1. Please list 3J(HN,Hα) in residue order for the range 21-38, calculated via the Karplus relation 6.51 cos²θ - 1.76 cosθ + 1.60 where θ = phi - 60°; whole Hz, with x for glycine and proline.
2. Which chymotrypsin sites (Phe, Trp or Tyr not before Pro) from the range 30-112 combine a DSSP loop assignment with at most 15 other Cβ atoms within 10 Å?
3. Over the chain, calculate the relative contact order: mean separation of alpha carbon pairs under 8 Å at least 6 apart, over the residue count, as a percent.
4. Through the Karplus equation 6.51 cos²θ - 1.76 cosθ + 1.60, θ set to phi - 60°, convert the phi angles of the range 52-68 into ³J(HN,Hα) values in whole Hz; use x for Gly and Pro.
5. Can you figure out the FRET efficiency of Gln103 with Ala78, using R₀ = 35 Å and their beta-carbon distance, to the nearest 0.05?
6. Can you check what the Kirkwood hydrodynamic radius comes to for the chain, Cα pairs only, in Å to one decimal?
7. Please identify every one of the trypsin sites (Lys or Arg not before Pro) in the range 35-112 that sits in a loop by DSSP and has no more than 15 other beta carbons within 10 Å of its own beta carbon.
8. Do any GluC sites (Glu not before Pro) in the range 29-86 lie in a DSSP loop with no more than 16 other beta carbon atoms within 10 Å, and if so, which?
Amino acid sequence: MLIYKIFRADEWANLQAQGASDGAPIDVTDGFVHFSTSEQAAETAAKHFAGVEGLTLLACNAGAMGDELKWEVSRGGALFPHLYRQIRMADVIWSCALPFDGQQHQFPEQME
């Protein structure tokens, strides 16, 4: 199963340069890297990245993250994937720009 992480340009550049990252400031504060499922990603973008341009969507294989990935109750009582270690470039299956059209972010059609 693929899970998704939205990064701002500087966060994505840092992950690429360093090979691993603690994530966004909210991830550092909370002590884990926040991910979303394909069903949750658009709402995550609208809630936490409204109007932000220059975002990148990362797709990662949840099954390859082992026991450090926990599914925990969050927004609206839904289970969200939380990674209790750094996100690594090796975790990233694919990435793509997440453009903002002035009203919402445009997600790729092919999301698991």
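1. Going residue by residue, I get 8, 6, x, 6, x, 5, 5, 4, 4, 7, x, 7, 8, 6, 10, 9, 7, 4 Hz, with x marking Gly and Pro.
2. Tyr84
3. Over the chain, the number comes to 36 percent.
4. Values per residue, Gly and Pro as x: 7, 9, x, 7, 10, 9, 10, 10, 10, 7, 4, x, 7, 8, x, 6, 7 Hz.
5. Once rounded, the FRET efficiency stands at 0.90.
6. 14.1 Å
7. Qualifying residues, ordered by number: Arg85.
8. Taking the range 29-86 and a limit of 16 other Cβ atoms within 10 Å, the loop GluC sites (Glu not before Pro) found are Glu39, Glu53.
Read the figures in this text as sums done on the coordinates, not as results from a lab. As the structure is a prediction and not an experimental result, all values here were calculated from the model. Glycine also receives a Cβ, built like all others from the backbone with ideal geometry; neighbour counts cover every protein chain displayed.
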